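The values are calculated or read from the model by the stated rules, or taken from the named source; none is laboratory data. Because the structure is a prediction, the values reported are computed rather than measured. For neighbour counting, all protein chains shown are included, and Cβ atoms are generated from backbone atoms with ideal geometry for every residue, glycine included.
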Amino acid sequence: MYNFHVFRQSSRLENRDLRHFYRQFGLSIRQSNLLVTSGSKGPQSNVEAQAMGERPISKQERQGASTAYDLYYLVNGKHFFWRNPNHGVTLIDGGRESAIAWHPEKAEAIRRLWTDIVSVNMTSATSGKDIVNNCRINFRNGHFLVVTDADTSGEVDHDRTPVYRDFVRALHLRLAQAPAGTIAFNAGASQGRHRVMTVMGVIAALFFVGTPLVLVFIVRDWRVLLTLAAGATFVWPFWKVIEANRPRSYDPRFPPGELMD
C-alpha cells in the first residue's frame, strides 16, 4: 500500500488533499507500490529490471498520452564516464499510470509514478567554458534520476538546451498539482558546498584578475590588460554558476530560469 508517513516530517496532509491528488492523476493506492528504482548501474535487461523490482512500460501504458524528450540522464550519481549511453526521458499522462520514464540503452523503458517523487533539485555546473544544467529528481527510496542538457560526453549540447527547458517546465507543471508539502523544490547547491564554491571563486578572481590588475600599475604596459581580460573571461562563467547555485527553494509554478539557460 502506498505510504505517506514519510511526509509527516514536513507536514500532515489533509485527507481531502490526498483524494484530490489521486483524483487528479487517476491513481489508486493499491497500484502505487509497483516500482523501485535500480542501482547506480541500472538494469541491463528485462530480467534484471524485474529482479530489482522495476517494471517495463506495458503496452497499455504506451497507448496513454506521453511526451518524449531526447535528453541524456544519469541514475543514482554516476559521475565519471567516457560516454553516457543513456538518453530518452518521457512524461506519461496515463491516468492512474501517470509517471516519468527513462530509457536505458540495454533494457526497456522504466517508469516511476508521480507519487514516488519526493523532491526536485535544479543545479548548473561549468568546466570553464560552457554551463551544463541538471535537474535531479529524488525518489522515495533514496535513489534519483539526473536529467541534463549535456551530450553523451557530458559537455553541454546547445541544441538540447531548449528541449531540456521544455522538459523542466512540463515536469513542474505536473508536479505543481501535488498537495503542498509533499514534494520539495530546491535550487542550487547545499549551503556547505556553496560556501566552498564561493571561496574558490574568490581565490580564482584574486589570482586571474587581481594579479594582472596590480601588474598594470607596476609594469605600466598595456599588454598586461590582455592578461587581465583573459583572466576575467575565464573567471566569469564560474561566478555565474556560483550565483545561479545559491541554495534556495522555489515555487514549482515558476522554476528558476537562470538554471535553464
Fill in: Hits in segment 238-257 - residues which are of a type in the set (Asp, Glu) and without any contact (Cβ under 8 Å) to a residue 60 or more places away in the chain
Glu243
Practice prompt. Give just the number: which of (1) among the charged types (D, E, K, R); (2) part of a loop (DSSP other than H, G, I, E, B); (3) under 23 Å from Thr90 (Cβ atoms) does Arg165 not satisfy?
Written response: (2)
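Here is a yes/no grid of residues against (1) within 29 Å of the chain's Cα centre (by Cα); (2) surrounded by 14 or more Cβ atoms within 10 Å (Cβ to Cβ); (3) part of a loop (DSSP other than H, G, I, E, B); (4) modelled with pLDDT of 85 or more:
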residue: Leu173; (1), (2), (3), (4): yes, no, no, yes
residue: Thr182; (1), (2), (3), (4): yes, yes, yes, yes
residue: Phe185; (1), (2), (3), (4): yes, yes, no, yes
residue: Val196; (1), (2), (3), (4): yes, no, no, yes
residue: Met200; (1), (2), (3), (4): yes, no, no, yes
residue: Leu213; (1), (2), (3), (4): no, yes, no, no
residue: Phe217; (1), (2), (3), (4): no, no, no, no
residue: Trp222; (1), (2), (3), (4): no, no, yes, no
residue: Leu225; (1), (2), (3), (4): no, no, no, no
Fill in: Filter result for the condition that a residue is β-branched (Val, Ile, Thr), in contact with an Asp or Glu (Cβ under 9 Å, 6 or more places away or on another chain), in the same structural domain as Gly88 (by TED's automatic domain parsing) and over 17 Å from Met260 (Cβ atoms), over Thr182, Thr152
Thr182
Item to complete: Could you list all residues from segment 89-101 that are closer than 19 Å to Asn138 by Cα and either crowded, with 22+ Cβ neighbours inside 10 Å or over 16 Å from the mean Cα position of the chain (by Cα) (or both)?
Response: Val89, Ile92, Glu97, Ser98, Ala99, Ile100
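Looking for something among the β-branched types (Val, Ile, Thr) and either in contact (Cβ under 8 Å) with a residue 24 or more places away in the chain or under 30 Å from Phe167 (Cα atoms) (or both) - is there at least one such residue anywhere in segment 215-236? Before the answer, list the steps.
Looking only at segment 215-236, we keep the residues that are among the β-branched types (Val, Ile, Thr), and these are 216, 218-219, 224, 227, 233, 235.
Checking the rest, the ones that are also either in contact (Cβ under 8 Å) with a residue 24 or more places away in the chain or under 30 Å from Phe167 (Cα atoms) (or both) come to 235.
The answer is yes; a qualifying residue exists.
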Discussion item. Given the condition assigned by TED's automatic domain parsing to the domain that holds Ala99, aromatic (Phe, Trp, Tyr) and within 27 Å of Leu71 (Cβ to Cβ), answer yes or no: does some residue in segment 163-179 qualify?
Written reply: yes
